[in-house]
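Chemist: Take a look at the following structure, please.
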Amino acid sequence: MANPAVDERDDRAGAGIGGHRPIAGRDMSRSPFWALLAFGAVAALGGITLWSAPAPMMAPWDNFILLDGAYRILQGQAPSTDFASPIGPLVYGLTAIGMRMQRVPSLAAVGYGSVVFLGIVAVLGWLVARRRLPAPLAAGFTVFVAVVVVAVRPLGYSAGNTTYAMLYNRYGWALYATLLVLALLRPRVPMPPRALAGDGLILGALLGLLCYCKISFLLVGVGAVGAGLLLGTLPRRLLLALWAVVGFLLVGIAMWLAFGARAPDYLADFVATARAQRDGQRLSVLVRSVAVNLPVGLVAAAVIGGLLVSARRHGRPARPIWRLAAAAGYVLGSSVLVSVTNSQEKVDLPALVLIPLLLAGYAVGDAAPAGARPFRPPKPLLAGVAVLLVGTAGLVAARDMVAIGRAVALRGEVAAPAPSQRMASDRLRDFVVPADATWQTAYRTANEVPAMMNDGMALLRRHVAPRDTVFTVALANPFSFALSLPPSRGEPLWWDVGIDFDRASHPSADRAFGNARWVMVPRMVPGRGCCQQTVQTMLDLYQPYLDRHFTETERTTDWILLARTQ
């Protein structure tokens, strides 16, 4: 039975998650060796990304969304004002910054924007982790979130499926993992007011970046702050809260000044998209996510149970371990929940790295209250922590590094693609879909997309004027960017039935087609590609409008071109 007096001393000493108390004296996490090692690895990742970008696109269509969103910002359009998007403007704005770094914008801009974001995340990750983790773990965490940012595969997909699809989810996970470290781990040294203000500013900045990345990440981020306040790992200090508000507002102001993003319009897009979500589909994703991540929960429960048994045997306080259990439970539960709003990420949930970090903080920290014997965790418990570290961070990082390595290995193919895989546009010069890419992407097998795009661009070149606008009845509009045409205004950035629109919740025809002069309709081929239901639903919804305002001009193997008549 735990000694109440020991529990009381433990609370007075300031122990929080894992019984970790601030350590007086020199903070070893400030060692320049570990900082240099971490940022040397980050610099290497950034250099590799700049050199190898862009990766070959095994799943191409989602990348047209990124390019179109960034191009619209580059052309002066404001996200959620001039075009609708339930995904925050962060990923599109960073790609627009990448485009500004090029003489002729291309897909490489996505990689350049990722390197910009890499610098931001790495600095925030180190500033947060160095105060809360032993130096080697702080460096490891910084490098881990850096890998998450620049890896070129969607989480949950194989390492060979290189693409920038759903890049915003990677940004969200990197930010969320950093926020969890700040919220759920106590600093290892006492925090003077200046350091507390700095933490508040970082906290607000992280919440602001999560907001403009993807609102679902913001919601669990706010929950993490609440959990930290309840568990006592975040100081309940007005100074922290005030600087957090400042940090959040600064991010909002920066998004408005840089990209024209206005929070009320963005929230309106998010609410409109939520109405189109299919509850049954999300429930099935939740069930699968719980099932595949159950082993992490079981191993963590076994380790925490072992810590409780060990604490009982040695007369140590149990309360910090229960707090540790609550924090780990929040990390696991919130990660599973937010993954439901993403794609099928399976076990690739980067924030789960916090579970072994919480346990490691207990194991290596100064967990003993005054007068007690130093804590020596049993070897089986340390083995459990190691298993969790490998299962949460190790596997994700390994797959990500293989994907990065594949992008490097195929750089020559991107630089000099086979003639059949070239897209006839200077702006798509490095948008290369390998000839052996068999992913069933929108409307065609992936390796057929270059020919489909070339057919569409040739069709438009025969008819459009330089200042004409084009709308595409498809997942995304690849033609405005490819042909340097002005983007139309009003329509959603992307269309995915059951995700951002359906038959009951969708934009009006006037808003959807806006000022479009031409409409491109992809021709479906039975049994080839995916997502044909989206095109059919759009045609069912808007065919009366198209019949009144447009007429067919020409059709080819892959496309039908409609011209506005009124």
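The values are calculated or read from the model by the stated rules, or taken from the named source; none is laboratory data. No experiment lies behind these values; they were computed from the predicted model shown. Here the Cβ positions follow ideal geometry from the backbone for every residue, glycine too, while neighbour counts run over all protein chains shown. Ligands, DNA and RNA are excluded from the accessible area calculation, which covers all protein heavy atoms including side chains. Shrake-Rupley method; radii C 1.70, N 1.55, O 1.52, S 1.80 Å.
Chemist: When the residues of region 146-164 are filtered to those that are farther than 27 Å from residue 123 by Cβ and of a type in the set (Gly, Ala, Ser), which remaining residue is surrounded by the most Cβ atoms within 10 Å (Cβ to Cβ)?
Modeler: Filtering first and then ranking leaves 156.
Chemist: Now a separate question. Determine whether region 196-210 contains at least one residue that is open to solvent by 30 Å² or more (accessible area, probe 1.4 Å), within 30 Å of residue 343 (Cα to Cα) and out of contact with any Lys or Arg (no Cβ under 8 Å at 6 or more places or on another chain). If you could, list the steps in order and put the result at the bottom.
Modeler: In the first step, residues of region 196-210 are kept if they are open to solvent by 30 Å² or more (accessible area, probe 1.4 Å); the result is 201.
Retained after the next criterion (residues that are within 30 Å of residue 343 (Cα to Cα)): none.
Within region 196-210, not a single residue is open to solvent by 30 Å² or more (accessible area, probe 1.4 Å), within 30 Å of residue 343 (Cα to Cα) and out of contact with any Lys or Arg (no Cβ under 8 Å at 6 or more places or on another chain).
Chemist: Taking region 417-440 only, how many residues are within 18 Å of residue 103 (Cα to Cα), charged (D, E, K, R) and either surrounded by fewer than 20 Cβ atoms within 10 Å (Cβ to Cβ) or in contact with a Leu (Cβ under 6 Å, 6 or more places away or on another chain) (or both)?
Modeler: 3
Chemist: Can you confirm whether residue 166 is in contact (Cβ under 8 Å) with a residue 40 or more places away in the chain, of a type in the set (A, V, I, L, M) and either under 15 Å from residue 234 (Cβ atoms) or not assigned by the TED database to the domain that holds residue 360 (or both)?
Modeler: Values: in contact (Cβ under 8 Å) with a residue 40 or more places away in the chain: yes; of a type in the set (A, V, I, L, M): yes; either under 15 Å from residue 234 (Cβ atoms) or not assigned by the TED database to the domain that holds residue 360 (or both): no.
No; evaluated as a whole, the condition is false for this residue.
Chemist: Next question. Does region 178-187 contain any residue that is outside any helix (DSSP H, G or I), on the phi > 0 side of the Ramachandran plot and open to solvent by 10 Å² or more (accessible area, probe 1.4 Å)?
Modeler: The initial filter retains those residues of region 178-187 that are outside any helix (DSSP H, G or I), namely 185-187.
Now drop any that are not on the phi > 0 side of the Ramachandran plot, which leaves none.
No - not one qualifying residue is present in region 178-187.
Chemist: For region 426-442, give me the residue count where each residue is part of a loop (DSSP other than H, G, I, E, B) and of a type in the set (Lys, Arg). I'd like the intermediate steps shown before the answer.
Modeler: Taking region 426-442 and keeping what is part of a loop (DSSP other than H, G, I, E, B), we get 429-439.
Narrowing further to those that are of a type in the set (Lys, Arg): 429.
Count: 1.
Chemist: Separate question: What strands (runs of 3 or more DSSP E) completely inside region 453-566 contain at least 1 residues that are aliphatic (A, V, I, L, M)? Write out each step before concluding.
Modeler: Numbers: elements: 470-472, 518-522, 550-555, 559-564.
Of the strands (runs of 3 or more DSSP E) lying wholly inside region 453-566, those with at least 1 residues that are aliphatic (A, V, I, L, M) span 470-472, 518-522, 559-564.
Chemist: Please work out if residue 283 is open to solvent by 50 Å² or more (accessible area, probe 1.4 Å), closer than 30 Å to residue 75 by Cα and part of a helix (DSSP H, G or I).
Modeler: Values: open to solvent by 50 Å² or more (accessible area, probe 1.4 Å): yes; closer than 30 Å to residue 75 by Cα: no; part of a helix (DSSP H, G or I): yes.
No; evaluated as a whole, the condition is false for this residue.
Chemist: On the basis of being open to solvent by 40 Å² or more (accessible area, probe 1.4 Å) and aromatic (Phe, Trp, Tyr), does residue 34 make the cut? Don't jump to the end; show me each part of the working.
Modeler: Details: open to solvent by 40 Å² or more (accessible area, probe 1.4 Å): yes; aromatic (Phe, Trp, Tyr): yes.
Criteria met by residue 34.
Chemist: Determine the pairs where a residue that is under 14 Å from residue 539 (Cα atoms), located within region 504-515, has a partner that is modelled with pLDDT under 90 with Cβ atoms under 6 Å apart, the partner being 6 or more residues away or on another chain.
Modeler: Matching pairs, first to second residue: 512/491.
Chemist: Which pairs do you get when a residue that is on the phi > 0 side of the Ramachandran plot and assigned by the TED database to the domain that holds residue 187, found in region 226-241, comes within reach of a residue that is among the aliphatic types (A, V, I, L, M) and not in a loop (DSSP other than H, G, I, E, B), reach meaning Cβ atoms under 9 angstrom, with the pair 6+ apart or on two chains?
Modeler: 232/17
Chemist: Any chance region 142-161 includes a residue that's among the polar types (S, T, N, Q), closer than 29 Å to residue 267 by Cβ and either in a helix (DSSP H, G or I) or in contact with a strand residue (DSSP E or B) (Cβ under 6 Å, 6 or more places away or on another chain) (or both)? Outline the logic, then answer.
Modeler: The first filter runs over region 142-161 and keeps only residues among the polar types (S, T, N, Q), leaving 142, 158, 161.
After this cut, where a residue has to be closer than 29 Å to residue 267 by Cβ as well, the list is none.
Taking every residue of region 142-161 in turn, none turns out to be among the polar types (S, T, N, Q), closer than 29 Å to residue 267 by Cβ and either in a helix (DSSP H, G or I) or in contact with a strand residue (DSSP E or B) (Cβ under 6 Å, 6 or more places away or on another chain) (or both).
Chemist: List pairs: first in region 92-108 and at positive phi, second at pLDDT below 95 and open to solvent by 10 Å² or more (accessible area, probe 1.4 Å), Cβ under 6 Å, 6+ apart or cross-chain?
Modeler: none
Chemist: Assigned to a loop (DSSP other than H, G, I, E, B), buried (at least 24 other Cβ atoms within 10 Å of the Cβ) and at pLDDT below 95, is that true of residue 190? Before the answer, list the steps.
Modeler: Working: assigned to a loop (DSSP other than H, G, I, E, B): yes; buried (at least 24 other Cβ atoms within 10 Å of the Cβ): no; at pLDDT below 95: yes.
Answer is no for this residue.
Chemist: Residue by residue through region 481-529, note down the ones that are at pLDDT below 90 and under 15 Å from residue 558 (Cα atoms).
Modeler: Once the filter is applied, which keeps residues that are at pLDDT below 90 and under 15 Å from residue 558 (Cα atoms), region 481-529 yields 526, 527, 528, 529.
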